[in-house]
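Below you'll find the structure, written out as structure tokens, and then a few comments.
The values are calculated or read from the model by the stated rules, or taken from the named source; none is laboratory data. What you see is a predicted model; the values in this text were computed from it and never measured. For neighbour counting, all protein chains shown are included, and Cβ atoms are generated from backbone atoms with ideal geometry for every residue, glycine included. The accessibility values were calculated without ligands, DNA or RNA, using every heavy atom of the protein model including side chains. Shrake-Rupley method; radii C 1.70, N 1.55, O 1.52, S 1.80 Å.
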Amino acid sequence: APFPDAPAARSTRSVLSTVLRPLRLLAERLWVRPEERGSFAFVHDALPAERDFVLRTYPLVAAPLLFLVLGADPSKLEGEGLYALLLFAPAAYLPFVLMHVPTTRTPEARWVIETSPVTAVAEDGGAAKAVAVRLLAPLYVGVGALVWVVAGQDLCLRLWPLAAAVGLVVLRVLYARGVGRPLSTRTQDLASAWSDGLGGAVLGLSVALTVLAVAAWRLLPGAWIGWALLGAVLAAEVAGARRR
């Protein structure tokens, strides 16, 4: 009996992926280890094309950020403080994003990774870096551009690099707690990943980042501290990737 034709693959290209291509190439050149490149490319291309991932994570992140923007008034002191919170908010919502990294409608497609000679450590490393490049980077750039335009370049230059550095550190810490194999689990089976550790991190992370945002807004004397910290974090990541 003839088998039905295989469904045609949908393209994973988008305007955002085209814009981010130089950053992706730079990350593959300097940051992603050779053994991580398969997992990096797999998650970078396939995860944003997963409809369940998009429908669950994008509104969860966008809605609170929108409320912060609507409530902030740069002409008032408390409004400027809300913009400081806005810069640190992406890191606070990382658990919601990472919880859905394993989600997929076609877990059988993981044979591409399962049959490759790649360790779980390399797979997790590539997936975490793909999340940073494909999801975190445009989110931080967008939030930073908004704060620059509405609240002024002084606030943005003073707090944005510190917020970006904190986001990278939080991503590493949360991934170390266990996220699950990327694109491996159907949506209805994701509850275990939430209860295993990421759910408990939300409240503590939100409180800690709120305190850090307010403290940085009130106490940070200039932009050089944040830029120095961001440079140190990036240098440590690149040095770790270059070291075999």
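Work out, step by step, the length gained on full extension between residue 70 and residue 119: first 0.36 nm times the residue separation, then minus their alpha carbon distance; give nm to one decimal. Please report the intermediate quantities before stating the final value.
On the way: separation 49, 0.36 × 49 = 17.64 nm, distance 4.51 nm.
This chain segment gains 13.1 nm when fully extended.
Using θ = phi - 60° and the Karplus curve 6.51 cos²θ - 1.76 cosθ + 1.60, what whole-Hz ³J(HN,Hα) does each residue of region 157-174 get, with Gly and Pro shown as x?
So the Karplus estimates, Gly and Pro as x, are 5, 7, 10, 4, x, 5, 4, 5, 5, 4, x, 5, 5, 4, 4, 5, 5, 5 Hz.
Quick one: length gained pulling residue 148 to residue 211 fully straight, 0.36 nm per residue minus the C-alpha distance?
Working: separation 63, 0.36 × 63 = 22.68 nm, distance 2.18 nm.
Additional length available on full extension: 20.5 nm.
Principal axis extents for region 102-219, Cα atoms only, whole Å, descending order, please.
50, 25, 24
GNM on the chain, C-alpha springs below 10 Å: top fluctuator among 144, 178, 126?
Checking each option, the largest mean-square fluctuation is seen for 178.
Keeping every protein chain present and rolling a 1.4 Å probe, give me the accessible area per residue for region 116-225 in Å². Mind showing how you got there, number by number?
On the way: 4990 Å² over 110 residues.
Ligands and nucleic acids excluded, the result is 45 Å² per residue.
With a 1.4 Å probe and all protein chains left in place, how much of the accessible area of the chain comes from carbon and sulfur atoms, in whole percent? Mind showing how you got there, number by number?
Numbers: 8510 of 12950 Å².
With neighbouring chains kept in place, the figure for the chain is 66 percent.
Mind pulling the per residue volume of the convex hull built on the Cα atoms of the chain? Å³ is fine. Provide the component values of the computation, followed by the final result.
Details: hull volume 33.9 nm³, N = 244.
Cα-based convex hull of the chain, divided per residue, equals 139 Å³.
Please calculate how many Å² of accessible area region 1-93 carries per residue, with a 1.4 Å probe and no DNA, RNA or ligand atoms counted. Numbers along the way, then the final one.
Values: 5730 Å² over 93 residues.
Result: 62 Å² per residue.
In nm, to one decimal, how far is the residue 169 label point from the residue 63 one, both placed 7 Å along Cα→Cβ?
Taking the simple label geometry, residue 169 and residue 63 are separated by 3.1 nm.
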